[in-house]
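Scroll down for the structure; my scribbles are underneath it.
The values are calculated or read from the model by the stated rules, or taken from the named source; none is laboratory data. Since we're looking at a predicted model, the values are computed, not measured. Reconstructed Cβ throughout: ideal geometry from the backbone, glycine too, with neighbour counts over all protein chains shown. The area values use the complete protein model at the heavy-atom level, side chains included, leaving out ligands, DNA and RNA. Shrake-Rupley method; radii C 1.70, N 1.55, O 1.52, S 1.80 Å.
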Amino acid sequence: MHSAIEANFDGLVGPTHNYSGLSFGNVASQVNTAKPSNPKAAAKQGLVKMKALADMGFVQGVLAPHERPHIPTLRSLGFSGTDQQVLTAAAKHVPKLLAAVSSASCMWTANAATVSPSADTKDGRVHFTPANLVNKFHRSIEHVTTGEILKATFPDQRYFAHHPALPSVEHFGDEGAANHTRFCSSYNEAGVELFVYGMSAFNTAMPRPQQFPARHTLEASQAVARRHGLSEQGAVFVQQNPEAIDAGVFHNDVIAVGNGNVHFYHEHAFLDPEQMKADLQLAWGDRTTPLYFVEVPNSAVSVADCVQSYLFNSQLLSQPNGDMTLVVPGECQENENVWAYLTDLLTHNTPIKDVKVFDLKQSMSNGGGPACLRLRVALSQQELAAVNPATIMNDQLFATLNTWVDQHYRDQLIEADLADPNLLLESRQALDELTQILKLGSLYDFQKA
């Protein structure tokens, strides 16, 4: 066994999972606005994926959801009285604000933070910077709690360094690991970290999308690389194709995925794909392991196919023998072009040898596939031993969390239900119990009051 592994920490879908259409630029989020959601099914679909990966031999962790609806945010915006009065007033006067502070979007932990493994960093610790997610109000309120959850999951300061989020302004818009990929020969060796940005905030002469926002800036990526103590050779900065963003590719992980020595991406993913390849190859250097560029031609799979199927919002996982498995959502199987491409891909001479399909319809309907649901953390054996063990998926935790979901989650939710004071109480009771299951301590505002 390698002396280091890559763990996946998936976000547990929260009890207020709903379709309020809050994410401009995310096609699925917009299309499904106002449809009823099923929080219970959403949480269970996520748990099935987590357990399946654990059963395949991967280290799989769980990250807790956030307190929603978030009454402290409503109070900071001028609402007062009891929690129930705050909820009622918000529902009456600004229902979309209530929807925003009730969003379960923290389930997509690819946006939780950027993580640099100890093999890459100057001080030899694993570094975490929570994403400020400043482009969307409903997500911009996440980073403080995200930081607390990460500290409770990775508590030992000898091995883990936790930074605050970057300044919450557009110039440092940071969407976390959804725009970050790490390449390496093996997880215990120094790698190359690829930072993908949508625009430069300070250099307005550089291209940028015209229809949808570029959520992530070059300046944010550079700041995170500096914070994490990455070497100049170990960080590569590449601009996303503005036309892809305007076509609904709001994050790089909707059009590219990488792992180990494989970069799997669409022909139109990057502004200058040849420069991307040249820069990565230069940073890769003369390692004995070759770097594979698996470029999907637009003639086989269109950008629209990518957005509809979430082909690239997949997990690319290394098997012990060096082969790789691609974990995709069921929508890939339903898209004729995508499935034909994947079937053909397995016959080619690349490390990708297997495709596994999962039903994640509840998450997909809000615009998040397998890769959105997980935060990747490469860990040495010592670091893995220092992770909060109660957060690691196994048979017992899977059974416990399924029972917990059955007890606390509703099987239907529409936007109007967010005003129900019982939902607030149900959510708090569920989260209070969850912090005990996962041994996280008192994380949430209601627990500290």
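Numerical summary
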| read-out | value |
| --- | --- |
| Sequence-distant residues sharing a close amide H with Val355 (under 5 Å, placed H) | Leu326 |
| Point-charge dipole on Cβ atoms (K/R +1, D/E -1) for the chain, about Cα centre, debye to 20 | 940 |
| Gaussian network model of the chain, Cα within-10 Å springs - most flexible of Asn111, Asn349, Asn337 | Asn349 |
| Charge tally in the Cβ shell below 9 Å around Gly234, where Lys, Arg are +1 and Asp, Glu are -1, Gly234 excluded | -3 |
| Net charge of Cβ neighbours under 14 Å - reference Asn188; Lys, Arg +1; Asp, Glu -1 | -2 |
| Computed FRET value (nearest 0.05) for Thr400 with Val48, which takes r as the C-beta separation and R₀ as 22 Å | 0.90 |
| Gyration tensor (alpha-carbon) shape descriptor, the range 212-343, a/c threshold 1.5 | oblate |
| Relative packing of 145-155, 305-315, which averages over residues the other C-beta atoms within 10 Å, highest first | 305-315, 145-155 |
| For the range 301-407: rounded, prolate or oblate by the Cα gyration tensor [a/c cutoff 1.5] | oblate |
| Linear extension gain, Asp432 paired with Glu189, 0.36 nm per residue minus alpha-carbon span | 83.5 nm |
| Chain lengthening between Met56 and Asp344 when straightened (0.36 nm per residue, less Cα-Cα) | 101.3 nm |
| Contour excess over end-to-end distance, with Cα ends at Leu282 and Thr88 and 0.36 nm allotted per residue | 64.1 nm |
| Efficiency of FRET from Cβ geometry, Gln211 and Asp359, R₀ 35 Å, rounded to 0.05 | 0.65 |
| Cβ-Cβ FRET estimate between Gln407 and Arg75, R0 fixed at 51 Å, reported to 0.05 | 0.95 |
| Packing-based order for 185-198, 285-298, 158-171, using average beta carbon neighbours within 10 Å, highest first | 185-198, 158-171, 285-298 |
| Degrees, to the nearest 10: 421-437 long Cα axis against longest axis of the chain | 50 |
| Rounded accessible area of Met206 (nearest 10 Å², 1.4 Å probe) | 50 |
| Entries of Lys151/Lys439; Lys35/Lys356; Lys51/Lys356; Lys40/Lys92 with Cα pairs more than 21 Å apart | Lys35/Lys356; Lys40/Lys92 |
